[in-house]
Structures are given as C-alpha cells and as structure tokens.
Amino acid sequence: MSYINESIIYNIYPLGYCGAPRENDFKLTYRLDKLYASIPHLKSMSVNAIVFNPVFESSRHGYDTIDYRKIDSRLGDNQSFKKLCDELHKNDIRVLLDGVFNHVGRDFFAFKDVQQRLWDSPYCGWFQNLNFDGRSSKGDPFWYEGWAGHYDLVKLNLHNPEVVDYLLGSVRFWIDEFGIDGLRLDAADCIDLGFFRELRRICKEKSPDFWLYGEITHGDYNRWANSETLDSVTNYECYKGLYSSHNDHNYFEIAHSLNRQFSYGGIYQNIYTYNFVDNHDVNRIASELHDKNHLFNIHTMMYTMPGVPSIYYGSEFGIEGKRTKGSDYELRPCLDLDNVPNANYDLYNHIVKLGKVRLALEALKYGRFENVNIMNEKLVYKRFTDNQTVFVLFNLTDRHERLGFDSRCSAKVTDVLNGNEVFDANGWCELDMPPYSSRILVVNDGSFRLDIDAADQAKGPEGTAKNTDAFSVPDITLGKYRHFKGNEYEVVGFATHSETGEKLVIYKSLLDPDEVWARPIEMFGETVFRDGKQVPRFEKLG
C-alpha cells in the first residue's frame, strides 16, 4: 500500500491563500513563507500531505504557465520553496504539486518564439493544431487550439517527443530540487494516456511510493487509474453525492455511489480515490449546503468512506464562497488563521477529531466497504478488515432518532467519535442519534477506546488546547451565564440522560423563560475559539 492510505490531505491554492496580485507583477515576494506559521494548525488536524495547486511562474492564475522550472515570483523563488518543502518534510508532511501539462500560457517561452519568428520557429510543432491558414482570436497571424475554447490557455501537442521530453524533464527537476512526493494531473481527461505511462515510469523510478492522481470529472475512472498510468483520480461522483444527498434528504444517492464504487464487486474497489467536498473549482461546501448543520455529517462521511480525505484550505472553518459568472476568485481567498471571518470552530474541532480517528483505525484506512442500513435520512455502513470492523451511523434530521443495524456479532461497540461510549451489539443494535449527528463504532470486547478528546490533543488555530476533556470539566453551578455569541441564560438544574447516563445542564433563556435547553455538561463547560481567541462557551455572570 502507498503512503496515501495513511494520509490526510490539505489542498492549497497558493496564489489565493497568499493574497498574491491577480496579474503577475514579477516582483519577487516571499508570500508563501506564511505557510511556516500554519504548520501547527495542519498538524492539529493530523494533516500529513499538502497538495499545492500551481506554484510555477504564470501570467495570472497559475494554470497559464510561463516557466515550469521557476517558482512564481509572487510566491517566492526556487530556493525559498525548497526550504519550505524541507521544513514540511521535517514535520512529516508530504508535498504534492499540480502538474499542468495540457496547456500553457501565451507568455510561455516556446509560444513567444512562435509569435516572433512565425513559421521559422522550431517550436511550431509544440502546440496542438497550430497552423498559418488563419488568425487566432487574440490577433496572432496563425491559429492554434485553446483549452476548452480559452485562448489564453494554449494547448500543448503531447504527441511531440520534444514536448514530452521537456515536461518529463521538468518533473525530474521538481523531484530532484524539491523532493516532491506526488502530482495532481490537471485536466487529466484531456491528456494522452501514453504521456501518463511515461510519466508513471519516470516517477516510480525516482520513488516507488510517488503518488499520481488525475483531475477527472466524469467517465470510467479505470481508464485513467490503473497499473500502467495513474494511481488515482478525483472522485467527482461522490463529491456530488455527498452534498446533494444531504440537501435532498436522500441518503440513497450517496449510498448507491459508495456501493457502486467500493462494495464487493464495485467498479473502483481497487482505486484509492481522492475524496473532497470542495476545491478551487467548485463552490465552497458551506455555500453549497442548504443547511449548514450538515457540515459535520458530510465531513464524517468523507473521512470514513474508502479513499483519502482532502480538506480545501479554509473549509475546516466553514468559510463560504461561490463561483460567479466568469470568475473563481471567491473560491480562492487569502486566509489569515488569526482572523477567519465567521469561523466555525465547532466544525474545525470536529475535523480535528475525525483526523485522529481516521489515522487510528485500520478499517478506515484499508478496509472494505458494505452498506448496512439505508433510509432517506439515516444511514449505516461498515468498513472492515480481517482485524477490525467499524460501523458508521448518520442522522441528518433535526431531531433525535433511533437507528438500528445488524452487527452480525455478539460483542460491544465503542463510539470513538463521541467520548468512547460503549454499547452492547448482540446482533441487532439500536442507538439514539442526536440531531445532525454521526457515530463511529468500533467492534470490540468493551475495552477499546481512543483518547481523541484529551485537552492536549484538540488544538485550536493558535495551538492552544480546547478544553474537551470529559474528566476535567469546570464546576458548573446554578446561576446566570453569557453564551459566547452574546445571549444570556440561567442554569436552573442538572439531569442524567436516561439512555446513556450522560450528565446534562438544564438552562433557560433570560429573554424567553419558556425557552429551555439541555446540553452535555462537558460541552457547556468547554472553551471555544472566537475571533481567533480561546473563550468560555458559557461565562458565569456575577
């Protein structure tokens, strides 16, 4: 198995992340060095691989390459990027780059030579369907093929051996110079498979563990991901199913895709897919979901389904962004970890937990897949190896529900996502599911536990601990409290959950005394992050 089975990926669009100017001013600025300060944040989420979208010199957005062997001046230079890669590797974080081999920008050296020397240029054969029988839409005295009709992106002729040698030489340079560990292949469905065969050969010769995955939006993934070409592809089928099954309250949709892809006899069970809920080309997941309460379940699903999970920078805080007509820039903002607007730190801490759970459980990293119980608004599936079985449960409703499944065993299950709560699983097992919740249940003898809630593990963005230790909850007494969002409440009593034994705080709104709430005592007494600072969820008044 590849290192990718043991990975959690963070995806960065560097020009946006760093706040670089949209048009390249070619002024050397070491903007990407800001990532040094983000390494603790990445490690808090158990991230151990970064996918960088384009980092090489370009005119505007990175996909209009000028020079494959030079870091974009807006980000730094080759030496600064090499030092950054070295530091990431020291922190056990692998580096994957975006290989944009289908097209280049109009400022690419070979295309500039054609513009200047016309038919006398030795590079005329480097570009797809270039001929001098007409004029381009850009006013050139020749015609060429643009990628998907975009004539700022000049399509390369990958059947030309000189082009292939140049591109593969660039990849060798990246491996030798920066020590990269893998590549994302942009617009992979447009690229000749023969090129991928050669790419695979040279990369695997350099490093057998080198990981190649292609951007594929449709079609049969096996065509691109197999033993001769790429290792994996972007799982756009499940990307769509992940959000629309929640929006439509129809878990049958995602269950069908997961079964089709990964169950026994599934068409992609031999592909370790690259899974995501958003990226630099699609709406942020917080903007795509009709109900943001589903952010928690959708991430639980991505972290527990077969394949490797990837977080697009900033989406761990639930930031929003939509494509506008002709522009993707809202999807690619500058991110300041100390000042994330409207940051959802509950989601962030949920993702911290998911990272620890995923890397701790063999069944989630290597296991087979099977649907167990499918309903419109509730779902159970299992991941399993010869050594471990894990059931994953989901309730997408806004109310408590009972959810049952056949465990096919006489044992116990431990909910490692929710405080290591233990349940009997003697055949049929039926559990309470709070609103918008999920459970990750490990089959065992009752002794298994994961200490993912310890205060020294659940870190906030400044690296300070979030108080989630169920055994060190601050004293909660009767009286008035202010919630961190400003509303005031009065604690009027305490209770014990009849089914789980969980200790609850009973409190009412001071604005509306008929509004009465119950919350687990450890959650009531914990601290959260607000505007980049650690504050009590409820602060005692007076």
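The values are calculated or read from the model by the stated rules, or taken from the named source; none is laboratory data. Source: prediction; values computed, not measured. Backbone-built Cβ (ideal geometry, glycine too); neighbour counts: all protein chains shown. Please note that ligands, DNA and RNA were not included when accessible areas were found on the heavy atoms of the full protein model with its side chains. Shrake-Rupley method; radii C 1.70, N 1.55, O 1.52, S 1.80 Å.
Over the stretch 368-432, the alpha carbon radius of gyration divided by the compact-protein estimate 2.2 N^0.38 Å works out to 1.09. Please report the spacing between the Cα centers of the stretch 21-62 and the stretch 350-374 in Å, no decimals. That distance is 29 Å. Modelled label positions at HIS497 and SER136, each set 7 Å beyond Cα in the direction of Cβ, lie 6.2 nm from each other.
Using only alpha-carbon positions, what ratio does the radius of gyration of the stretch 12-60 give when scaled by 2.2 N^0.38 Å? Walk me through the numbers before you get to the answer.
Values: Rg = 12.3 Å, N = 49, 2.2 N^0.38 = 9.7 Å.
Compactness ratio reported: 1.27.
Just to confirm the filter: which chymotrypsin sites (Phe, Trp or Tyr not before Pro) across the stretch 247-346 are DSSP coil and have at most 12 other Cβ within 10 angstrom of their Cβ? Intermediate values should be presented prior to the final figure.
Values: sites: TYR251, PHE252, PHE262, TYR264, TYR268, TYR272, TYR274, PHE276, PHE296, TYR303, TYR312, TYR313, PHE317, TYR329, TYR345; in loops: TYR264, TYR268, TYR272, TYR313.
Answer in residue order: TYR264.
Run the Debye formula on the Cα coordinates of the stretch 254-361, all scatterers equal and no solvent, and tell me log10 I(q)/I(0) at q = 0.11, 0.23 1/Å. Evaluating at q = 0.11, 0.23 Å⁻¹ gives log10 I(q)/I(0) of -0.39, -1.30.
State, to one decimal in nm², a quarter of the convex hull surface area for the C-alpha atoms of the chain, i.e. the direction-averaged projected area. Working shown, then result.
Values: hull surface 106.9 nm².
It is 26.7 nm².
Go through LYS240/LYS356; LYS240/LYS412; LYS292/LYS485 and tell me which ones have a Cα-Cα distance over 28 Å in this structure. The pairs that break the limit, which is 28 Å between Cα atoms, are LYS240/LYS412. Considering only Cα atoms, the convex hull volume of the stretch 97-237 works out to 113 Å³ per residue.
Could you work out how much longer the chain between HIS290 and TYR3 gets when fully extended? Use 0.36 nm per residue separation minus the Cα distance between them, nm to one decimal.
On the way: separation 287, 0.36 × 287 = 103.32 nm, distance 3.54 nm.
The span from HIS290 to TYR3 would gain 99.8 nm if fully extended.
Let me know the shape class of the stretch 225-267, please: from the alpha-carbon gyration tensor, a ≥ b ≥ c as square roots of the eigenvalues, rounded when a/c is under 1.5, otherwise prolate if a/b is greater than b/c, or oblate.
On the way: a/c = 6.00, a/b = 1.88, b/c = 3.19.
Oblate, since a/c reaches 1.5 and b/c is not below a/b.
The residues of the chain present an accessible area of 41 Å² per residue when probed at 1.4 Å with all protein chains retained.
What net charge is computed for the residues neighbouring LEU168, neighbours being all others with C-beta under 12 Å from the C-beta of LEU168, Lys and Arg scored +1, Asp and Glu -1? Spelling it out: positives minus negatives among the neighbours equals +1.
Note on ARG408 and GLN115: the extension gain reaches 98.5 nm, defined as 0.36 nm multiplied by sequence separation minus the Cα-Cα distance.
Nonpolar atom fraction for the chain, defined as the carbon and sulfur part of the 1.4 Å probe accessible area, stands at 47 percent. By the rule of a C-alpha distance below 24 Å, with chain neighbours fewer than 8 residues away ignored, the lysines paired with LYS155 are LYS70, LYS112, LYS138, LYS325.
Scaling against 2.2 N^0.38 Å puts the C-alpha radius of gyration of the stretch 34-119 at 1.33. Stokes-Einstein diffusion for the stretch 162-232, with the hydrodynamic radius set to the Kirkwood value over Cα pairs and evaluated at 37 °C in a medium of 0.692 mPa s, equals 267 µm²/s. Extents of the stretch 21-176, largest first, come to 58, 31, 26 Å (Cα atoms, principal axes, whole angstrom). Extension gain for ARG60 to ASP512 (0.36 nm times residue separation, less C-alpha to C-alpha distance): 157.3 nm. In a simple Cβ point-charge model (Lys, Arg +1; Asp, Glu -1; nothing else charged), the chain has a dipole of about 340 debye relative to its Cα centre. Per-residue 3J(HN,Hα) values for the stretch 398-415, derived from phi via the Karplus relation 6.51 cos²θ - 1.76 cosθ + 1.60 with θ = phi - 60°, read 9, 9, 5, 9, 9, 10, x, 7, 8, 6, 6, 7, 10, 7, 10, 10, 10, 7 Hz in sequence order (x marks Gly and Pro).
Per the Cauchy relation, a quarter of the hull surface: what is the mean projected area of the convex hull of the alpha carbons in the stretch 201-242, in nm²? Each step should come with its number before you reach the end.
Working: hull surface 12.9 nm².
Its average projected convex-hull area is 3.2 nm².
Using just its DSSP H runs of length 4 or more, each adding -39500 (n - 2.57), the chain gives a mean residue ellipticity at 222 nm of -7000 deg cm²/dmol after division by all residues.
Sort largest first and round to whole Å: the equivalent ellipsoid semi-axes of the stretch 302-359, each the square root of five times a Cα gyration tensor eigenvalue. Walk me through the intermediate numbers first.
Details: eigenvalues 114, 51, 14 Å².
Gyration-tensor ellipsoid for the stretch 302-359: 24, 16, 8 Å.
Scanning the chain for trypsin sites (Lys or Arg not before Pro) in DSSP loops with at most 16 other Cβ atoms within 10 Å, what's the longest stretch left with none? Don't skip to the end; give the middle numbers.
Working: sites that count: ARG22, LYS27, ARG60, ARG135, LYS138, LYS322, ARG323, LYS325, ARG399, ARG449, LYS485.
In the chain, the maximal stretch lacking such sites is 139-321.
Expressed as a whole percent, how much of the Cα-Cα distance distribution for the stretch 112-193 exceeds 20 Å? Display every interim value, and only then the final one.
Working: 1381 of 3321 pairs.
Value for the stretch 112-193: 42 percent of Cα pairs lie more than 20 Å apart.
Taking Cα atoms only, the orientation of helix 161-178 departs from the longest principal axis of the chain by about 50 degrees.
Here, the stretch 171-316 is characterised by an Rg to Rh ratio of 1.00, where Rg is the alpha-carbon radius of gyration and Rh the Kirkwood radius.
For the stretch 297-410, how big is the tail of P(r) above 20 Å, as a whole percent of Cα pairs?
Values: 3531 of 6441 pairs.
Pairs farther apart than 20 Å: 55 percent.
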